[in-house]
Amino acid sequence: MPKPGPRLRLVDVAERAGVSLATASRALAGRDGVSEEVADRIRQISRELGYVANPYARTLAGGVSSTVGLVVHQVDDPYFSEIAGGVIQVADEQNLLVQICHSGRDPDYELRQIRNLIAQRVGIIIVAGSGFDDPRIEAEAKADLSAFQGLGGRVAVIGRHSLGVDAVLPDNEAGGRALGDHLVELGHRRIAVAAGTPGLTTVADRLAGVAAGLRAHGLSLADLPVVHTDFTRDGGRDAADRIIDEHPETTAIVALNDAMAMGVLSALRSRRIAVPDRMSVVGFDDVSVAADLAPSLTTVRLPMTDMGRMALELALKPRAARARRRSTGHKLIVRDSTGPAPAR
């Protein structure tokens, strides 16, 4: 067996894995042309042998990389554009460049983007957006980010619980509870939820908060319609159409992000359903356009720009013995899209 250390060569990894040198190189660089099964085996053997790609290690150890890799779920979602704005502000102050990658809420593609950033020798990686309930994906991302940190790279995440790195954690559950409280206090009992993509921890956390808010007033989320669609404007429109068609008695819709809420408002407008006289609508995030919608959107405010700043500031600190956590807080912003429940 080759001995771990700086003299270990890529060819040693290739020979142990039984693949060509080119295949081993592509797998460790995260490039196309290698099946995921083979690439995983090569990466595992690389870790077992202690192989380090020396140029990459020198780049990180010397602290000369000036690039921050930012992975977001969706670049055209205002939530992520505001987070990116905060990251870019701090990067500009520190004379760093920011490379933004888009994962489309696909866990396998997100993992591939992380590996591509590592292969491109960025100095810092920030992953923004919900975690996934697939333990395999989270475990693989955790292992890759841990190895990256082991070579001197720096990492912070936003909205992720289980990656074992510094994290900025949005106040999702408490914010969801505030929405449930608000609607029940307005007299709503026939409430539906446009819940977003299943499998996302953000969806689960916000749903748990809404459920807690309803439960405090004697209502059960299990008895109310919860419609899962894409965590996007189009997904919100589709969810609203289903709620209206299948549950016409509904008087309030909780959308678990503002993009979905915009789609809900669009669907209601196209059906000439008055908001809030006939239907109240709430969102979550308070993106910059929420106040300018017609009607303006009641929502939970998260400090998205500050979240981006906080994440990069964490990553720039010396690595701590234990992963640091920063909570964002939240604020319920009541606007024109909610009102008292209509009389039966």
**OP:** Could you look through segment 290-322, keep only residues that are surrounded by fewer than 22 Cβ atoms within 10 Å (Cβ to Cβ), assigned to a loop (DSSP other than H, G, I, E, B) and at pLDDT 95 or above, and pick out the one that is farthest from the chain's Cα centre (by Cα)?
**Re:** PRO295
Original post:
With respect to LEU265, is the statement that it is assigned to a helix (DSSP H, G or I), under 28 Å from the mean Cα position of the chain (by Cα) and touching a residue at least 60 places away in the same chain (Cβ under 8 Å) true?
Top reply: yes
Subject >> Subset tally (residues that are among the hydrophobic types (A, V, I, L, M, F, W, C), touching a residue at least 12 places away in the same chain (Cβ under 8 Å) and either in contact with a His (Cβ under 7 Å, 6 or more places away or on another chain) or not in a helix (DSSP H, G or I) (or both)) for segment 268-281 >> reply: 4
**OP:** Tell me, yes or no, whether segment 239-251 has at least one residue that is in a helix (DSSP H, G or I), over 19 Å from ASP171 (Cα atoms), open to solvent by less than 20 Å² (accessible area, probe 1.4 Å) and out of contact with any Pro (no Cβ under 9 Å at 6 or more places or on another chain).
**Re:** yes
**OP:** Run down ALA156, ALA147, ALA143 and say which single residue is assigned to a strand (DSSP E or B) and either free of Cβ contacts under 8 Å to residues at least 40 places away in the same chain or over 30 Å from SER220 (Cβ atoms) (or both).
**Re:** ALA156
Subject >> Checklist (1) at pLDDT 95 or above; (2) closer than 23 Å to ARG115 by Cβ applied to ASP205, failing item >> reply: (2)
Subject >> Members of segment 39-98 found to be on the phi > 0 side of the Ramachandran plot and modelled with pLDDT of 85 or more, listed by number >> reply: ASN95
**OP:** Select from segment 176-201 the residues that are under 16 Å from the mean Cα position of the chain (by Cα) and surrounded by 22 or more Cβ atoms within 10 Å (Cβ to Cβ) and list them in ascending order.
**Re:** ALA195, GLY196, LEU200
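The values are calculated or read from the model by the stated rules, or taken from the named source; none is laboratory data. As the structure is a prediction and not an experimental result, all values here were calculated from the model. Here Cβ is always computed from backbone atoms with ideal geometry, including for glycine, and neighbour counts include all displayed protein chains. Accessible surface is based on the protein model in full, side chains and every heavy atom, while ligands, DNA and RNA are left aside. Shrake-Rupley method; radii C 1.70, N 1.55, O 1.52, S 1.80 Å.
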